[in-house]
Structures are given as structure tokens and as C-alpha cells.
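Here's the structure we're looking at; comments come further down.
No lab work stands behind these numbers, since they all come straight from the coordinates. Being a predicted model, the structure only gives us computed values, none of them experimental. Cβ atoms come from the backbone with ideal geometry, glycine included; neighbour counts cover every protein chain shown.
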Amino acid sequence: MSVAGLLLWSNRNLNWRGFIRGCDPRDTMARTLIGRESGEHDFYLVKRLHGFSTIVEQYAQKAKAFGADYRALRLPVVTLASRSETHGLNEIDFLKIDVEGVEADVLSGGDWNRFSPKVIVAEAVTPGTVEPAWQDWEPLLLAHADRSALFDTLNRFYVAQEHLYGPPAVRTSALECRAPHVRNRPRAERSATP
């Protein structure tokens with residue numbers, strides 16, 4: 001089974017093409033912000049510690065404790081639904097959300113009746129901490145028949161109800177190019193992964 005994806009990021013300094021080399025070459029990449037509604041928003045680009053870059057200034061400020069500064073950029077924002085439509089996505093196998101504190105905005109901009117991912121992985125802790133942060137957005141996923149399947153102390157994994165008990169290839173293939181600890185295990189062990 002092959003999984004093609006839409007990879008979105010906002011930080012022009014990151015070379016995601018190099019980062020995901022080895023994933024499906026059919027992936028589409030776009031540098032954009034995804035939010036609750038289309039328009040413009042300030043994006044706080046953190047120098048050196050790109051993982052702190054976000055649209056929430058208080059989270060970007062946390063990087064100062066590590067000696068990194070940030071600057072504001074005004075960038076366009078589109079909704080997940082409009083970006084999915086623009087790229088002609090009829091089916092989404094895997095959606096990873098790592099947006100430093102604005103997961104609720106990204107999820108609220110989705111059209112879950114038209115574009116319902118089989119698997120969603122969302123960063124689920126407050127940026128710069130290990131404090132749970134999914135209470136604001138998890139009800140939206142659960143209302144659309146997604147089931148929480150796993151929490152790895154950083155991310156929460158959700159599987160669409162209709163795909164919860166699919167064949168093993170469906171359950172593991174979306175993770176294989178992104179999770180070396182899954183990819184490097186023997187195939188029989190990977191197939192047994194729920």
C-alpha cells in the first residue's frame with residue numbers, strides 16, 4: 001500500500017524535503033499556515049529552535065529561556081478544508097498536526113464530512129512542557145467518530161472508526177516513513193501493532 005500526502009509547514013528555514021526523503025515522492029508540499037479561518041496572522045519565527053515557532057507569541061517567548069530570539073512575520077492562513085480542496089484530496093490517509101498550541105484552530109478549519117483522515121496524530125502537550133493540552137480539541141475529533149488509540153507522551157493518535165479494525169497494512173503503512181522505531185521492527189511485529 002502506498003500513501004501520498006500533503007505536507008504543510010510555515011517555517012521557510014526548514015528543509016522538510018530533506019527531512020522526509022524516503023517517503024512517497026508523490027507527496028505535495030506547501031509552505032502555509034493552517035487555521036480556523038482564512039486570512040492573515042502573525043507567525044513568530046524562532047531562530048535556532050524552530051520547534052518553538054508558532055502563531056502564539058507566549059509560546060515563542062519561551063525560547064528566550066534557551067537563548068533564542070524570535071521575530072514576527074505576517075503570513076496568509078487557509079483552512080484545512082480549503083487546502084484539501086485546492087489539492088484535490090478525496091481521501092486523507094494520515095494527518096499529522098504539530099502546530100505549537102493551535103491544534104484546535106487547525107482542526108476547527110477542517111471539513112470532517114468531506115475530508116476525514118483515516119489516522120490523525122496531533123501533538124497533545126503545551127509547547128515547552130509536558131502538560132496535557134488536548135482537552136480543547138479532542139471532543140471535536142471524538143464527535144466525528146475518531147477513536148483515541150494511543151498517547152506516546154507527546155502525541156495523541158486517532159483512528160477513524162470505520163478504519164479501526166482494517167488490515168494490518170492500513171494500520172502501519174502511514175507510520176512507516178515517519179517512525180523509525182516502527183519501520184525497523186520485523187514485519188511480523190509491525191503487523192501486530194494496533
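For the pair Leu75/Ser38, report the inter-label distance in nm, with labels modelled 7 Å from Cα in the Cβ direction.
According to this spin-label approximation, the distance is 1.8 nm.
Taking the alpha-carbon distance from Lys64 and a cut-off under 20 Å, which aspartates and glutamates remain once sequence neighbours fewer than 8 residues away in the same chain are dropped?
Asp42, Glu100, Glu131
Can you give the local net charge around Gly109? Use residues other than it whose beta-carbon is closer than 13 angstrom to its beta-carbon, Lys and Arg +1, Asp and Glu -1.
-2
How large is ³J(HN,Hα) for each residue in segment 128-137, as worked out from phi by the Karplus curve 6.51 cos²θ - 1.76 cosθ + 1.60 (θ = phi - 60°), to whole Hz, x for Gly and Pro?
3J(HN,Hα) across segment 128-137, in whole Hz: x, 9, 10, 6, x, 9, 8, 4, 7, 10.
Under 22 Å Cα to Cα from Lys118, which lysines show up? Leave out anything in the same chain fewer than 8 places away.
Result set, ordered by chain and number: Lys96.
In whole Hz and in residue order, list the ³J(HN,Hα) couplings for segment 79-96 that follow from phi through the Karplus curve 6.51 cos²θ - 1.76 cosθ + 1.60, θ = phi - 60°; x for Gly and Pro.
Per residue, the Karplus-derived 3J(HN,Hα) values read 7, 4, 5, 5, 5, 4, 5, 4, 8, x, 7, 8, 9, 10, 7, 9, 10, 10 Hz.
Would you please give the residues with an amide H less than 5 Å from that of Arg147, counting only those at least 5 places away or on a separate chain, with H modeled from the backbone geometry?
Under 5 Å from the amide H of Arg147 lie the amide H atoms of Val159, Ala160, Gln161, each far enough along the sequence or on another chain.
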